[in-house]
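As structure tokens, the structure follows; a few thoughts come after it.
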Amino acid sequence: MKKFIYLNDYLYSVKRRVIKQGTATLTISLPSVWTKKFDIKPGDEIEVDERGKELCISSDSYFSPKKTQLDISGFSIPMIRHCINGMYIRGDDELRIIFDKPELIDIIQNCIDFNIGFAMIKQEKNSCTVKDISGSTDSEFDNMLKRIFYMIISFGEDGLEIIKKGEPIKDFWKRDLAIDKYIYYTLRMLNKKGHPQFEKTKFYYDILLLLEHLADEYNRLYKNTENTKLSKEAIKTFEDVNHMFRDFFDNFYKFEQKKSNELILKRNEIRNKLLKAKSNDDIIVIYYLRKIAEMIINILQVQLQLVL
């Protein structure tokens, strides 16, 4: 997989003075940030592609392995989770964790088990070492992204069916955790190796973050629908939002401007449903459904930057 830096791209733009060597050779220096990321050394081969007035420099190398030390002494449990998950997402390969209380090892192990590919390889009295043992994941990005889409579709549709039957929604929060687990793994892939089309990495990163927030809204909806009875209108709105996300998924992989416009109009319809809700139960559910619809359009806005 190639990594790119576009010399005229606003995201990765750097200026370099052209130097004359010999009678006919012109050279420029490579940005040190880029060479360090991909561990470029003297004698390595890189590719230079001409694209009109632009030159695209690429390397088959991966980001350099990153080792980190983290002292969690005095941290709260949520802070510990955020730190370990954050280092996992950003692509750290080895993490030495120092702690002051032996019982924290169980919290650390729980975090490690949550993050795909991480394993504890060494444990001492007041520290442990965690390492990525997953290996290369270059070809997995598209499959992982589709899996996340399918998981969210199922999260919405299965939950609605349970609500329709009047059954209690138990342990549905575990589905949200499973979605987070795959999203963290896919974000990590982008941070470590970038998207196969490297210039699109940022956009896919934003899409994944928005998908995580969207799934969180489904989870909050379910937490607030215990012992509630929804009207036919609220159920219909729920169905419309689920269909809206499925339609967005189809359009994500087979883009049509007409369908994108229809999604925006559907979002506008759902906005007005909250004003018409009568019961408190309906108001709570439609409030979350409206947020989900807004988030779908937020993801669409990022997608438009990829396809237009």
If you work out semi-axes √(5λ) of the Cα gyration tensor in Å from the coordinates, which of (i) 53, 22, 19; (ii) 33, 21, 19; (iii) 42, 30, 14 do you get?
(iii)
If you average the alpha carbon positions of region 196-215 and of region 280-308, how far apart do those two centres end up, in angstrom?
16
Quick one: if you stick a label point 7 Å off each Cα along the C-beta vector at Ser231 and Ile77, how many nm between them?
4.1
Could you give the length gained on full extension between Val307 and Ile133, defined as 0.36 nm per residue of separation minus the Cα-Cα distance, in nm?
59.1 nm
Under 20 Å from the Glu269 label point (7 Å along Cα→beta-carbon), backbone N, region 213-233:
231-233
Can you compute the modelled spin-label distance between Lys170 and Lys36, with each label point 7 Å from Cα toward Cβ, in nm?
5.4
How much length would be gained if the chain were fully extended between Lys53 and Asn224, taking 0.36 nm per residue of separation minus their Cα-Cα distance, in nm to one decimal?
56.0 nm
Note the angle between two axes, namely the Cα long axis of helix 77-90 and the longest principal axis of the Cα atoms of the chain, as a number of degrees from 0 to 90, rounded to the nearest 10.
50
Calculate the spin-label point distance for Ile116 paired with Ala178, positioning each point 7 Å from the Cα along the beta-carbon direction, and give it in nanometres.
1.3
Given the DSSP H assignment, sum -39500 (n - 2.57) over each helix run of at least 4 residues in the chain and divide by its residue total; what's the result at 222 nm in deg cm²/dmol, nearest 500?
-19000 deg cm²/dmol
Taking a label point 7 Å from the Cα of Asn261 along the Cα→Cβ vector, which residues of region 289-304 have an amide N closer than 17 Å to it?
301, 304
If you count, for each residue, the other Cβ atoms within 10 Å and average over each peptide, how do 19-27, 290-298, 163-171, 70-78 line up from highest to lowest?
290-298, 70-78, 163-171, 19-27
As a footprinting exposure proxy, order Ser59, Ser29 by other Cβ within 10 Å, with the fewest listed first.
Ser29, Ser59
Dividing the alpha-carbon radius of gyration of region 139-307 by 2.2 N^0.38 Å (N being the number of residues), what value is obtained?
1.05
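Computed from the coordinates by the stated procedures, all read-outs in this text should not be read as laboratory data. On a predicted model such as this, the values are computed, not experimentally measured, just so you know. With ideal geometry, Cβ positions are generated from the backbone for all residues, glycine too; neighbour counts draw on all protein chains shown.
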